[in-house]
Amino acid sequence: MIRNVSSRSRASLALVLAAAAIALAAGPAAAQGRKPAPAKAAATQAQAPGAPALLGNFGEWNAYTANTGKAKTCYALGKPKDRQPAKLKRDPAYVFISNRPGEGVRNEVSIVMGFDVKPDSAPKAEIGAANFDMAPKGANLWVKNAAEESQFIDALRKGQRLVVKASSKKNNLTTDTYALAGLLPALEQIGKACQ
């Protein structure tokens, strides 16, 4: 079954992406994956209603929770350790694994590439020997076959690195490599926070 990416809740994705942007802009401690001082965290949240709260830093991954109205979202966030070609200018890239209990969503994988992906291309994700076709939508990728999403998560849990290959609208082939150290405790944390 091919996932219909356009049927996703755009509001939920916007919430996750906005929450991540706020978290990363919260200051040097958050950007480096360290827990900010309580006073700074409180001040940041006071300035931005619905801003994410850092649940913890786990190696290469951070876990966050955010509330907007009645909706609660928890997500693990990873940034690439290596981006090729290195000289290509593009926006930051991230992998989100989110839980949205109000929508019945658990362990949904979304990858932000930092550029608009060529719509008719065939982006791929590699985790060890496992390969997954990805579906592009703007600057985002999802697991193309929704039935394989749990296999994707299982491969992440067992793997050491995730390699994402995609072509931009300008035909630049890119390769982003993510370290998976710390993903397991980050997933456990978001699982507890968003049951």
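Here are the numbers for the structure shown:
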| item | result |
| --- | --- |
| Search result, residues across the stretch 167-189 that are of a type in the set (S, T, N, Q) and either under 15 Å from Asp116 (Cα atoms) or modelled with pLDDT under 95 (or both) | Ser167, Ser168, Asn171, Asn172, Thr174, Thr175 |
| Qualifying residues in the stretch 80-139 (those that are assigned to a loop (DSSP other than H, G, I, E, B) and of a type in the set (A, V, I, L, M)) - the one farthest from Gly159 (Cα to Cα) | Leu88 |
| Sole residue being buried (at least 21 other Cβ atoms within 10 Å of the Cβ) and more than 12 Å from the chain's Cα centre (by Cα), chosen from Met113, Met134 | Met134 |
| Close pairs (6 angstrom Cβ cut-off, 6 or more residues apart or separate chains): under 29 Å from Asn171 (Cβ atoms) and touching a residue at least 24 places away in the same chain (Cβ under 8 Å) in the stretch 65-94, aliphatic (A, V, I, L, M) and crowded, with 16+ Cβ neighbours inside 10 Å anywhere | Leu77/Ala20; Gly78/Val95; Pro80/Ala93; Lys81/Ala179; Ala93/Val112; Ala93/Met113; Tyr94/Leu77; Tyr94/Val112 |
| Members of the stretch 62-85 that are over 13 Å from Ile190 (Cα atoms) and at pLDDT below 95 | Asn67, Thr68, Gly69, Lys70, Ala71 |
| Sole residue being within 25 Å of Phe58 (Cα to Cα), aliphatic (A, V, I, L, M) and exposed (fewer than 15 other Cβ atoms within 10 Å of the Cβ), chosen from Ala129, Ala179 | Ala129 |
| Residues of the stretch 144-195 that turn out to be part of a helix (DSSP H, G or I) and either more than 18 Å from Gly104 (Cα to Cα) or aromatic (Phe, Trp, Tyr) (or both), as a count | 11 |
| Any chance Ala93 is buried (at least 19 other Cβ atoms within 10 Å of the Cβ), at pLDDT 95 or above and more than 24 Å from Ala53 (Cβ to Cβ) | no |
| Near pairs, Cβ below 7 angstrom, 6+ apart or cross-chain, from the stretch 45-58 (assigned to a helix (DSSP H, G or I)) to any residue that is at pLDDT below 90 | Gln45/Ala51 |
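Table: residues versus (1) free of Cβ contacts under 8 Å to residues at least 40 places away in the same chain; (2) among the basic types (Lys, Arg).
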| site | (1), (2) |
| --- | --- |
| Leu141 | yes, no |
| Lys144 | no, yes |
| Ala147 | no, no |
| Asp154 | yes, no |
| Arg157 | yes, yes |
| Gln160 | yes, no |
| Asn172 | no, no |
| Leu180 | no, no |
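The values are calculated or read from the model by the stated rules, or taken from the named source; none is laboratory data. Treat the numbers as computed from the prediction; the structure is a model and nothing was measured. As a convention, Cβ positions derive from the backbone with ideal geometry for all residues, glycine included, and neighbour counts pool all protein chains shown.
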